[in-house]
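Contents: one structure, followed by commentary.
The values are calculated or read from the model by the stated rules, or taken from the named source; none is laboratory data. For clarity, every value in this text was computed on a predicted model and none was experimentally measured. Because the Cβ atoms are built from the backbone with ideal geometry, glycine has one as well, and the counts that use them run over all protein chains shown. Please note that ligands, DNA and RNA were not included when accessible areas were found on the heavy atoms of the full protein model with its side chains. Shrake-Rupley method; radii C 1.70, N 1.55, O 1.52, S 1.80 Å.
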Amino acid sequence: TCALPILTNDTNTPVSGQTVTFTLGSGSTAQTCTAVTTATGAASCVINVTGQPQGPIPVTDTYTGSTYYQPSTATSTVNLPEGTTLTVNPGTGTYNTPGTVSGTLVNSYTGAPVPGEPVTLTVNGTQKCTATTNANGAASCTVTPTEPGGSYKITGSFGGDTSSTPVLLSSTGTSTFVENKAPTTLTYTGST
């Protein structure tokens, strides 16, 4: 939704009933919509975003004026949600022994690491842990595998972040976890 700051006259009184055009982007990918100002001078309309790049996109609000009011414009930028890529690292562990699983979260538009976000890692759909990504986008936590020795799937998930700027979209990743059998020791305690 594109929203215009309040349209007012020279005495700072809201101007209602005036058409405002919103332009998202520029050049051949520019998209527009129009709206009429309300009694408070506000206007908003919806643009279904297509063909726009990620990152900052210019927004221009244009009022062409009327018999009574001069034209005016306002400009700003918006950031579309940016995708993320979660790479889950292969892991190894031993039955019934705590082991570390890890992954790395990056912004798929900028390629930069994404710090301070929760990532959940799950071995074989049962043992899971959640960790927060560090400055390098890396997250690691501990699980205690309980499957028989063998190879299992590790899944990772990031739920997205609507409070960040820009908004970050969710992502998932998978890898392999090799679980080793627990070591044993046999001791003879009978007569010698």
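I'm told THR110 meets every condition in (1) under 15 Å from ASN89 (Cβ atoms); (2) open to solvent by 80 Å² or more (accessible area, probe 1.4 Å) except one. Can you identify the failing condition by its number?
(1)
Working only within the stretch 142-167, note down all residues that are surrounded by fewer than 17 Cβ atoms within 10 Å (Cβ to Cβ) and either of a type in the set (Phe, Trp, Tyr) or in a strand (DSSP E or B) (or both). Reasoning before the result, please.
Kept after step one, since they are surrounded by fewer than 17 Cβ atoms within 10 Å (Cβ to Cβ), are these residues of the stretch 142-167: 142, 144, 146-151, 153, 159-160, 162-165, 167.
Across the stretch 142-167, the qualifying residues are THR142, GLY150, SER151, LYS153.
Quick check: anything in the stretch 100-111 small (Gly, Ala, Ser), without any contact (Cβ under 8 Å) to a residue 12 or more places away in the chain and farther than 30 Å from THR21 by Cβ? First the steps, then the outcome.
If we filter the stretch 100-111 for residues that are small (Gly, Ala, Ser), which is where we start, we get 102-103, 108, 111.
Now drop any that are not without any contact (Cβ under 8 Å) to a residue 12 or more places away in the chain, which leaves 111.
Of the ones still in play, those that are also farther than 30 Å from THR21 by Cβ are 111.
For the stretch 100-111, residues small (Gly, Ala, Ser), without any contact (Cβ under 8 Å) to a residue 12 or more places away in the chain and farther than 30 Å from THR21 by Cβ: present.
Taking interchain pairs and intrachain pairs at least six residues apart, which have beta carbon atoms under 6 angstrom, with the first residue in the stretch 149-164 and closer than 15 Å to THR87 by Cα and the second among the aromatic types (Phe, Trp, Tyr) and open to solvent by less than 50 Å² (accessible area, probe 1.4 Å)?
Every condition considered, the pairs that remain are ILE154/PHE177.
Go through the stretch 126-185 and count every residue that is among the charged types (D, E, K, R) and in contact with a Gly (Cβ under 7 Å, 6 or more places away or on another chain).
Our first condition is that a residue be among the charged types (D, E, K, R); within the stretch 126-185, this holds for 128, 147, 153, 161, 179, 181.
Among the residues that remain, those that are also in contact with a Gly (Cβ under 7 Å, 6 or more places away or on another chain) are: 179, 181.
Residues that pass the stated criteria total 2.
Sort through GLY91, GLY103, GLY99 and tell me the only one that's open to solvent by less than 30 Å² (accessible area, probe 1.4 Å), over 26 Å from the mean Cα position of the chain (by Cα) and closer than 30 Å to ALA131 by Cα. Can you show your working first?
Values: GLY91 fails: over 26 Å from the mean Cα position of the chain (by Cα); GLY103 fails: over 26 Å from the mean Cα position of the chain (by Cα).
Exactly one residue qualifies, and that residue is GLY99.
Any idea which residue in the stretch 115-141 is most open to solvent (accessible area, probe 1.4 Å), counting only those that are in contact (Cβ under 8 Å) with a residue 40 or more places away in the chain and within 10 Å of LEU105 (Cα to Cα)? Write out each step before concluding.
Of all residues in the stretch 115-141, those in contact (Cβ under 8 Å) with a residue 40 or more places away in the chain come to 117-118, 123-124, 140-141.
Then drop every residue that is not within 10 Å of LEU105 (Cα to Cα), which leaves 117-118.
On the way: GLU117: 17, PRO118: 69 Å².
By that ranking, first place goes to PRO118.
Tell me yes or no: at least one residue of the stretch 83-95 is more than 29 Å from GLY137 (Cα to Cα) and either touching a strand residue (DSSP E or B) at 6+ places or on another chain (Cβ under 6 Å) or modelled with pLDDT of 90 or more (or both). It would help to see each step written out before you state the result.
Looking only at the stretch 83-95, we keep the residues that are more than 29 Å from GLY137 (Cα to Cα), and these are none.
So far as the stretch 83-95 goes, no, none of its residues is more than 29 Å from GLY137 (Cα to Cα) and either touching a strand residue (DSSP E or B) at 6+ places or on another chain (Cβ under 6 Å) or modelled with pLDDT of 90 or more (or both).
Counting just the residues of the stretch 168-188 that are of a type in the set (A, V, I, L, M) and assigned to a loop (DSSP other than H, G, I, E, B), which one comes out least open to solvent (accessible area, probe 1.4 Å)? Show your work before the answer.
Looking only at the stretch 168-188, we keep the residues that are of a type in the set (A, V, I, L, M), and these are 168-169, 178, 182, 186.
Applying the additional criterion that residues be assigned to a loop (DSSP other than H, G, I, E, B) yields 169, 182, 186.
Values: LEU169: 80, ALA182: 44, LEU186: 173 Å².
The residue in question is ALA182.
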